[in-house]
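The structure under discussion appears below in the form of structure tokens.
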Amino acid sequence: MVVWCPDWSVVAGLAEVGKPPRTPAAVLKANVVEVCNGPARVEGVRRGHRRRDAQARCPELELLTASDDRDARAFEPVLATVEELRPGVAALRPGLLAVRAPGSWFGTEANAAATVCQALVEAGVWDLRLGLADDLFTAEQAARTADLQAWEVVPEGESAAFLRSLPVHVLEGDGPQGREAVSLLQRLGLTTLGDLAALPGEAVEHRLGRYGASVWRRARGEDPALFAARTPPPELEAEVVFEPPLDSVEAITFSVRTTAERFLTQLAHHQLVATGVRIEAESEGAVCSRRTWLHPRHFGARDLVDRVHWQLQSGVAGAGVRSRKDPGSVQAPIDRVRFVPEVVEPAAAHGEALWGGAADDLVERGVARVQGMVGFDAVRRPVLQGGRSPAARQALVPWGEKAVDLRPVERPWPGRVPGPAPVRVFAAPPVAEVVDDGGRAVAVTERGVVTSAPCRFRLGAGLLPWQPVAAWAGPWPVDESWWSGGAGLSARFQVVGADGRAWLLLCAPGGWSVEAGYD
């Protein structure tokens, strides 16, 4: 049995931002629509549309960022609901799960599907479809052909007949590899899975490789793929109750250390480590502070204690936990602190290197001490992301947090200046002047053509007086953010002065400026 919840990324994203489920919405990745829901598709939005095209078709479109962690967390209650009816659930991906068909438990397979559907609807999952078949691939395709809150049962031994009429487009669910195979099959004149299944298996494997052979077996209803059922996660939460309640941040931080160690010991007993932990603080039985913390490696007891201190002291994600009169106390006494693991990974994946990691541990402890003195968000580390300018390619992330929502580095980024990267990037670019041999200011036309060759230049803020240009390269024109009053048409130049130093200059509508310097 396969349970399919369409457009799950959009469902999880709308729930996170508190929007109604029927709001037209799309999940974007690198400014391209990755998933959109039914109301957005009615307005003409489709997967693969650029952000601007999607908004042109549906101006009220709610734009959501892609987050695998968010989708998985939101899908956890669905897994737990099905697990209560039939243990051994496998999460194929957020929005899609498989389980051994529990027909013998409920009389017939249709009764089992009706029971599972009713349980999920009562749990608040409205858009779902179910499919039952002999193999995993056929069951998934059966679920995709079912109606809303309904199920499709493929009789035993009828998988090949059911798949024969399906279009080859169903393979696009396999990702880029599937979309490439669909394009090739269509060029070969194969439009249905039945056409593919009728071909000799050896010929298909010779033309499409191992993936093509697996698709051929699936099209014939001979899919041998198995799924690994997950075991229900043990209760790994840990909490400490304060009697009487405490109103001092330092006292609370000191008192949770033992609980933090017990929490990590429970995880270690199951050979797990936590990379994402939700910390909740309660006052008079109500949660007054809640935040999910991420760690680039995995949490230790000291890390958890520090997060509790930062969370209560700064009042993040709560209704003002810290007292305004006394920063070392809280507005309402805290009577309970709870650690909830949200992201756990096998401990073997985080083992120490061959020679240990003592140096890394010393650095982390030192930085953690600095954070304890100056604040969590005050200590940041640079992370590389995609962008055209040197400043845009830098992102600052609080030390100890995972970097999320970064622009992908592997994109082409037209207009980006090639390497090597500059060693000094100015937060506030100083002004500059560039002139030709006649003393006229050098500019760039709308077609990206330099009006005259640079001959002399100088940099403001006391960086460099007038000097001749020994060599220059460019321009690298870009036209960005013109729709929001941003930079508009501009161009970057690499300029080497007579003293041998190199600079990255920007020619924008407002004049010249120096963005960075080379070593």
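The values are calculated or read from the model by the stated rules, or taken from the named source; none is laboratory data. Owing to the predicted nature of the structure, the values given are computational and were not obtained by experimental measurement. In this analysis, Cβ positions are derived from the backbone assuming ideal geometry, glycine residues included, and neighbour counts consider all displayed protein chains.
Any residue in the stretch 64-86 that's among the aromatic types (Phe, Trp, Tyr): show its pairings with residues that are at pLDDT 85 or above at Cβ separation under 6 Å, as long as the two are six or more apart or on different chains.
Pairs that qualify, where the first residue is among the aromatic types (Phe, Trp, Tyr) and the partner is at pLDDT 85 or above, are 75/94.
Take the stretch 67-78 and flag every residue that is surrounded by fewer than 20 Cβ atoms within 10 Å (Cβ to Cβ) and more than 11 Å from residue 8 (Cα to Cα).
67, 69, 73, 76, 77
Checking the structure you have, find out if any residue of the stretch 287-298 is at pLDDT 75 or above, hydroxyl-bearing (Ser, Thr, Tyr) and not assigned by TED's automatic domain parsing to the domain that holds residue 379.
Yes, the stretch 287-298 has at least one match.
Restricting the search to the stretch 459-514, which residues are at pLDDT 80 or above, assigned to a strand (DSSP E or B) and charged (D, E, K, R)?
479, 492, listed by residue number.
Suppose the filter is in contact with a strand residue (DSSP E or B) (Cβ under 6 Å, 6 or more places away or on another chain), under 22 Å from residue 146 (Cβ atoms) and not aromatic (Phe, Trp, Tyr); does residue 11 pass it?
no
Please verify whether the stretch 3-10 includes one or more residues that are without any contact (Cβ under 8 Å) to a residue 60 or more places away in the chain, surrounded by 13 or more Cβ atoms within 10 Å (Cβ to Cβ) and outside any loop (DSSP other than H, G, I, E, B).
yes
Please count how many residues of the stretch 143-196 are part of a helix (DSSP H, G or I) and either in contact with a helix residue (DSSP H, G or I) (Cβ under 7 Å, 6 or more places away or on another chain) or surrounded by fewer than 19 Cβ atoms within 10 Å (Cβ to Cβ) (or both).
30
What are the pairs with Cβ atoms under 7 angstrom where one residue, in the stretch 243-261, is of a type in the set (S, T, N, Q) and the other, located anywhere, is in a helix (DSSP H, G or I)? Sequence gap at least six, or different chains.
These pairs meet every condition: 253/305; 253/308; 253/309.
Being within 15 Å of residue 301 (Cβ to Cβ) and touching a strand residue (DSSP E or B) at 6+ places or on another chain (Cβ under 7 Å) narrows it down to one residue among 241, 287, 249, 273; which is it?
273
Residue check, residue 439 against (1) surrounded by 11 or more Cβ atoms within 10 Å (Cβ to Cβ); (2) not in a strand (DSSP E or B), all met but one. Which one?
Here residue 439 meets the rest and fails (1).
So the check is Cβ under 7 Å with 6+ separation or different chains; which pairs have a first residue in the stretch 107-131 that's buried (at least 17 other Cβ atoms within 10 Å of the Cβ) and a second one that's of a type in the set (D, E, K, R)?
129/144; 131/140; 131/152
Which residues, taken from the stretch 123-139, are in contact with a helix residue (DSSP H, G or I) (Cβ under 8 Å, 6 or more places away or on another chain) and more than 18 Å from residue 11 (Cβ to Cβ)?
131, 132, 133, 134, 135, 137, 138
If the requirement is being modelled with pLDDT under 85 and basic (Lys, Arg), which of these qualifies: 22, 41, 70?
After applying the criteria, what remains is 70.
Residues of the stretch 117-141 being within 28 Å of the chain's Cα centre (by Cα) and charged (D, E, K, R), which ones?
127, 129, 140
So, residue 47, is that one in a helix (DSSP H, G or I), within 24 Å of residue 175 (Cβ to Cβ) and of a type outside the set (Gly, Ala, Ser) or not?
no
Step by step: first the residues of the stretch 219-237, then only those that are within 31 Å of the chain's Cα centre (by Cα) and modelled with pLDDT of 80 or more, then the one that is farthest from residue 189 (Cα to Cα). Which residue is that?
Step by step, filter the stretch 219-237, then rank; the result is 237.
Can you pull out the residues in the stretch 32-44 that are assigned to a loop (DSSP other than H, G, I, E, B) and either out of contact with any strand residue (DSSP E or B) (no Cβ under 6 Å at 6 or more places or on another chain) or among the acidic types (Asp, Glu) (or both)?
Hits for the stretch 32-44 are 43, 44.
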